[in-house]
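Below is one structure, written out as structure tokens, with a few remarks after it.
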């Protein structure tokens, strides 16, 4: 990503549903912060019970019944038709809705039709997961070229890995503060321990120039740096993140790890997003480094 002057400049962005394979609370918080093309939808207030007075997005992301309603609404735009491929030529022409990268789609008869303007916008986030995957790729390429005897290429990828490591730590490691915006911990209380958070991408086209804000919600993708041994040599100050894995207000649940911290108001284990219940892929990313370094991460 190229976003000069932004905290996320040079980092990798993605749609949460392509990274997590489902929606996440961190992106929901970014949508709430958005003042772009989808702002009217984001702040729409429900007029009927049982969600009267609540923001539409809050209902959709935190209640199983909301997901059912979202599904019914989504079916109106024939989502079973394959979305059009991403096109740089059309990228900045129209708002980007759910299911593809344009506000239109091609139906089964080959006719171009418009999608509902209230669909899920492609709101890009900078997540610890994807960026750590890229760190691992660079590091692996550097090692492979070193084995091949290509010192120049080995140095190039090693330097890329080191630069990305520094950017990830600088942009995503954060200690919550009182001046943070969109902090939803009204029901269960907040905690100010630092963690690796996600940020709204600094170059989103449809968020009213709202770039870089943190999604203040601890999600288990924040443990991805340990999977790749990515942290600086003196990593002891980051150990505090593992406190959440053994905390029932954090990720510790009766049947395994949750993907979002329990204390957050948007936590919901009923809906199928990455906003509560645990998922095998994410669990494996977290449990591997946890087991390899269990002694290092014993809660103090």
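Before moving on, here are some points about what is shown:
- Note on region 224-276: Rg/Rh from C-alpha atoms, Kirkwood Rh, equals 1.06.
- Extension gain for residue 162 to residue 248 (0.36 nm times residue separation, less C-alpha to C-alpha distance): 27.5 nm.
- Paired Rg and Dmax values of region 158-293, which use every Cα atom, in angstrom: 15.3, 45
- FRET efficiency, 1/(1 + (r/R0)^6) with R0 25 Å, evaluated for residue 188 and residue 283 via beta carbons: 0.65
- Order of 29, 130 under a 10 Å beta carbon neighbour criterion, fewest first: 130, 29
- Centre separation in Å (Cα based) which lies between region 222-246 and region 148-163: 25
Read-outs: derived from the displayed coordinates by stated rules, not from any lab. Computed from a predicted structure; not experimentally measured. Reconstructed Cβ throughout: ideal geometry from the backbone, glycine too, with neighbour counts over all protein chains shown.
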